[in-house]
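**Student:** First, the structure itself, so that you have it in front of you.
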Ligand code: NAP
C-alpha cells in the first residue's frame, strides 16, 4: 500500500479551510493545518477529527510573518517528512470602506497576509515538492475570490486587488514549475457562508447580496472544498494554471 499523501492547509481551523481539512482527512490525506489566533477553534476541529479516527496536526503560525511560515513548514517536515499538497487558504478582509478611507497600515496588512503569505508558503512548498529540488511533485491550490473579477467597489477594492494578485501569481507559478511535477491552480469562491463576512463588520452581507447571485443562494464551505480536493487529486493531472470559479454563476 502507498503511504498516505500529506497536505498543509493554511487557515484550516475555520470556514472554508476547515471544510478542506475535513474532506481531505476523510479521503485519506495526512493533514496539517495552521491557524493564527483562535486556538479554541483549532482544538475543536482536532477533537472532531480524532472522533472520526482521523488525525490532523494543528500549528499556530501567522502566514504574514516569514519566521512563522518557516517554522510552520519545519514543523510539518518534522511530523510528515514530505509534502504532497499545499492549500493557500488563509486570508482576510477588512471593514467596508471607500479608497479615501483606507490607511496604509490596512493595505500593508491585507497584502502581507493575502499575497505575501501565499507566495512565501508556495515558495516553501516548491522547495519540498519540485523535482528540481529532489522532490516527488505535488499540487498547490490558492484561494482567490470572485472579487478578483468583480473588483468589490465601495466594499474593499484592496481585498479584490489582493485576490487579483493571487490569480496572476497562480498562472505565473504554474508555468514556472510545470515541468517539475508541481501543478498550481486557484479556486475563486463566490459568496460562501463563513465567519469572514462578520469579521469584516458585515454579518448580514450574504442576506443583503443573495439576490445578485444567479443561483439565488450562497455557497457552502464544503462546495469549495470539493473543488479544491479535485484540483489536488490525480484526476486533475493535466490541469495547471486554472482559475476555477465556484460562485453560483456570479
Ligand atoms: P474565515 O472563516 O474568516 O477563516 C479564516 C481562517 O484563516 C481561520 O482559520 C483563521 O485563523 C485563518 N487566518 C486568518 N488570518 C491568518 C493569518 N494571518 N495566518 C494564518 N491563518 C490565518 O475565512 P473563509 O471565509 O473560510 O475564507 C478562506 C479563504 O477563502 C480566504 O482566502 C478568503 O479570502 C477566501 N474567500 C472566501 C469567500 C467567502 O465568501 N467566505 C469568498 C471568496 C474567497 P483563526 O481561526 O486563528 O483566526
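**Student:** Take the alpha-carbon centre of segment 229-250, take the same for segment 201-215, and report the distance between them in whole Å.
**Tutor:** About 25 Å separates the Cα centre of segment 229-250 from the one of segment 201-215.
**Student:** So, one more: Over the residues of segment 110-168, compute the C-alpha Rg and express it relative to 2.2 N^0.38 Å.
**Tutor:** This ratio for segment 110-168 stands at 1.35.
**Student:** With everything on Cα atoms, drop me the angle between helix 15-26 and the longest principal axis of the chain, reported from 0 to 90° to the nearest 10.
**Tutor:** With both axes taken from Cα atoms, the answer is about 30 degrees.
**Student:** Turning to a different aspect of this structure: Would you mind checking the tilt of helix 66-80 against the longest principal axis of the Cα atoms of the chain, expressed as 0 to 90 degrees and rounded to 10?
**Tutor:** Rounded to the nearest ten degrees, it is 40.
**Student:** Sort 76-83, 3-10, 91-98 for me by packing, meaning the mean count of neighbouring Cβ atoms within 10 Å per residue, highest on top. List each step's numbers first, then the result.
**Tutor:** Values: 76-83: 15.6, 3-10: 22.6, 91-98: 17.6.
Ranking the peptides 76-83, 3-10, 91-98 by packing returns 3-10, 91-98, 76-83.
**Student:** With the chain treated as a Gaussian network of Cα nodes joined by springs under 10 Å, which of 13, 145, 131 yields the largest mean-square fluctuation?
**Tutor:** Ranking 13, 145, 131 by mean-square fluctuation puts 131 first.
**Student:** Still on this model: Of the residues 100, 43, 204, which exhibits the maximal mean-square fluctuation in a Gaussian network model of the chain defined by a 10 Å Cα contact cut-off?
**Tutor:** Among 100, 43, 204, the largest GNM mean-square fluctuation belongs to 100.
**Student:** Pick from 155, 176, 105: which is most flexible by mean-square fluctuation in a GNM of the chain where alpha carbon atoms under 10 Å apart are linked?
**Tutor:** 105
**Student:** Could I ask something else about it? Just from the alpha-carbon atoms, what are the Rg and Dmax of segment 6-246 in angstroms?
**Tutor:** 17.0, 51
**Student:** Let me have the relative contact order for segment 6-246, percent, based on Cα pairs under 8 Å that are six or more residues apart.
**Tutor:** Details: 466 pairs, mean separation 49.1, N = 241.
Value for segment 6-246: 20 percent.
**Student:** Helix 221-232 against the longest principal axis of the chain: what's the angle in degrees, Cα atoms only, rounded to the nearest 10?
**Tutor:** For 221-232 against the chain, the angle is about 40 degrees.
**Student:** Where the centre of each part is set by its Cα atoms, how far does segment 61-96 sit from segment 19-53, in angstrom?
**Tutor:** 14 Å
**Student:** Over segment 108-189, calculate the relative contact order: mean separation of alpha carbon pairs under 8 Å at least 6 apart, over the residue count, as a percent. Write down the numbers at each step before the final one.
**Tutor:** Details: 111 pairs, mean separation 30.0, N = 82.
Reported relative contact order: 37 percent.
**Student:** In terms of the Cα gyration tensor, with a ≥ b ≥ c the square roots of its eigenvalues, is segment 1-139 rounded because a/c is under 1.5, prolate because a/b exceeds b/c, or oblate?
**Tutor:** Numbers: a/c = 2.37, a/b = 1.42, b/c = 1.67.
Taking the square roots of the gyration eigenvalues as a ≥ b ≥ c, segment 1-139 is oblate.
**Student:** Something else about it: How would segment 40-101 be classified by its alpha-carbon gyration tensor: rounded, prolate or oblate, with rounded meaning a/c under 1.5 and the a/b versus b/c comparison settling the rest?
**Tutor:** Oblate.
**Student:** Show log10 I(q)/I(0) for segment 108-250 at q = 0.12, 0.14 Å⁻¹, two decimals, from a solvent-free Debye sum over equal Cα scatterers.
**Tutor:** -0.51, -0.68
Bear in mind these aren't lab numbers, they're just calculated from the coordinates by the rules spelled out. Fair warning: this is a prediction, and the values are worked out from it, not measured in the lab. No Cβ is skipped: glycine too gets one built from the backbone with ideal geometry, and neighbour counts run over all protein chains shown.
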